[in-house]
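Data first, discussion second: the structure below is written as structure tokens.
The values are calculated or read from the model by the stated rules, or taken from the named source; none is laboratory data. Keep in mind that what you see is a predicted model, and the values were worked out from it rather than measured. Neighbour counts are summed over all protein chains in view; Cβ atoms, including those assigned to glycine, are modelled from backbone coordinates with ideal geometry. These area figures cover heavy atoms from the full protein model, side chains too; ligands, DNA and RNA do not enter into them. Shrake-Rupley method; radii C 1.70, N 1.55, O 1.52, S 1.80 Å.
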Amino acid sequence: MPNPLEDNEVNPMEIARLAADQIADLTGVASHDIALTLGSGWAKAADLMGETVASIDATQIAGFSAPVVAGHVATIRSILLPSGKHALVLGARTHFYEGHGVRRVVHGVRTAAAAGAKTMILTNGAGGIKPTWTAGQPVLISDHINLTASSPLEGATFIDLTDLYSRDLRDLARTVDSTLDEGVYVQFRGPHYETPAEVQMAKIMGGHIVGMSTALEAIAARQAGMKVLGLSLITNLAAGISPNPLSHAEVIESGQLAEARISALLAQIVAKL
Ligand code: 8IG
């Protein structure tokens, strides 16, 4: 079945509405309060946050498609938090580098907004530029630089991105772990990692984290009126920052080593929302 988001005549917001209605039907939860996209290294947080009320194969929902990256699970879960709030956990993420267009990339975020979520937590695995950082360390995203030359916004949609990564939510995260550092996330298209020269460019521009996912999603979340909390797991130092070349296997391994600790951190943050 072709993905409806690839038809330019279709309004992506209508597909998000449809997807949200399907999620409400299949989970039995009429409205969700919080949504999370769990990137590499963060998946275990779902188990720690609360009670899973329903688990859906994302490919059953309008506009979603199977993920291509090992370590990403195409499951959408509805979780009842101890506070009584409902969290929608998106285990699937479509990356811009897959080449299906930016509508597909931000569909999860738009669906979360249509499902009622007012807070969007975006997590990822990423490369670190700050020399004090080490693999396995979680950091907060304070702002971004979008180097994809793309936007999820279509037409004359002029949206302010000041305080896109909510200062209030970053402060709240630091009440759980006061040692959390923060940095500017630079989104490259990928799927190749950067050259050392590109990492130096990102650094000179004011970047601290390099990744391939979160900036476009955050823009769509702001358009939908959500508050955004961004968290990166530094799975590797960016190319040229450490003498060792990058390997996807290492990225996965440092994610696995850090997973229990950062998932507990995220669950504690969610409990305070
Ligand atoms: I995990 O070093 C992970 N994702 N762009 N650069 C970019 N994305 C990443 C990196 C990295 N590590």
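What is the one condition in (1) in contact with a Ser or Thr (Cβ under 6 Å, 6 or more places away or on another chain); (2) within 16 Å of the ligand (Cβ to nearest atom) that Ile129 does not satisfy?
Condition not satisfied by Ile129: (1).
Taking the range 95-126, which residues are of a type in the set (Ser, Thr, Tyr), within 13 Å of the chain's Cα centre (by Cα) and away from the ligand (no atom under 16 Å from the Cβ)?
In the first step, residues of the range 95-126 are kept if they are of a type in the set (Ser, Thr, Tyr); the result is 97, 111, 119, 123.
In the following step, the residues that additionally are within 13 Å of the chain's Cα centre (by Cα) were identified as 119, 123.
Result: Thr119, single match.
Could you please find all residues in the range 124-136 being within 12 Å of Ile209 (Cβ to Cβ) and of a type outside the set (A, V, I, L, M)?
Answer for the range 124-136, where residues must be within 12 Å of Ile209 (Cβ to Cβ) and of a type outside the set (A, V, I, L, M): Asn124, Gly125, Gly127, Gly128, Lys130, Trp133.
Conditions (1) modelled with pLDDT of 95 or more; (2) among the aliphatic types (A, V, I, L, M), marked per residue:
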{"position": "Ala202", "(1), (2)": "yes, yes"}
{"position": "Met205", "(1), (2)": "yes, yes"}
{"position": "Gly211", "(1), (2)": "yes, no"}
{"position": "Thr214", "(1), (2)": "yes, no"}
{"position": "Ala224", "(1), (2)": "yes, yes"}
{"position": "Ser242", "(1), (2)": "no, no"}
{"position": "Val251", "(1), (2)": "no, yes"}
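So, Thr134, is that one modelled with pLDDT under 95, at negative phi and within 16 Å of the ligand (Cβ to nearest atom) or not?
Taking the combined requirement at face value, the residue satisfies it.
I need the full set of residues from the range 137-169 which are within 16 Å of the ligand (Cβ to nearest atom) and under 15 Å from Val210 (Cα atoms), in order please.
Matches in the range 137-169: Gln137, Pro138, Val139, Ile141, His144, Ile145, Asn146, Leu147, Thr148.
Would you mind telling me which numbered condition in (1) touching a residue at least 60 places away in the same chain (Cβ under 8 Å); (2) surrounded by 19 or more Cβ atoms within 10 Å (Cβ to Cβ); (3) of a type outside the set (Phe, Trp, Tyr) Gly190 fails?
Checking Gly190 against (1) touching a residue at least 60 places away in the same chain (Cβ under 8 Å); (2) surrounded by 19 or more Cβ atoms within 10 Å (Cβ to Cβ); (3) of a type outside the set (Phe, Trp, Tyr), the one that fails is (2).
Which pairs turn up if I take residues in the range 4-15 that are free of Cβ contacts under 8 Å to residues at least 24 places away in the same chain and look for partners that are open to solvent by 40 Å² or more (accessible area, probe 1.4 Å) and assigned to a helix (DSSP H, G or I) with beta carbon separation below 7 Å, at least 6 apart in sequence or on another chain?
Val10/Pro4
Condition first: open to solvent by 30 Å² or more (accessible area, probe 1.4 Å) and either in contact with a Lys or Arg (Cβ under 8 Å, 6 or more places away or on another chain) or assigned to a loop (DSSP other than H, G, I, E, B) (or both). Now tell me which residues in the range 19-41 satisfy that.
Gly28, Ala30, Ser31, Asp33, Ser40 - these are the residues of the range 19-41 that are open to solvent by 30 Å² or more (accessible area, probe 1.4 Å) and either in contact with a Lys or Arg (Cβ under 8 Å, 6 or more places away or on another chain) or assigned to a loop (DSSP other than H, G, I, E, B) (or both).
Pairs only if they're at least six apart or on different chains, beta carbon under 6 angstrom, first in the range 76-92 and among the basic types (Lys, Arg), second part of a strand (DSSP E or B) and modelled with pLDDT of 95 or more; list them, first residue then second.
Here the result reads Arg77/Thr52; Arg77/Ser55; Arg77/Val89, each pair linking the range 76-92 to a residue that is part of a strand (DSSP E or B) and modelled with pLDDT of 95 or more.
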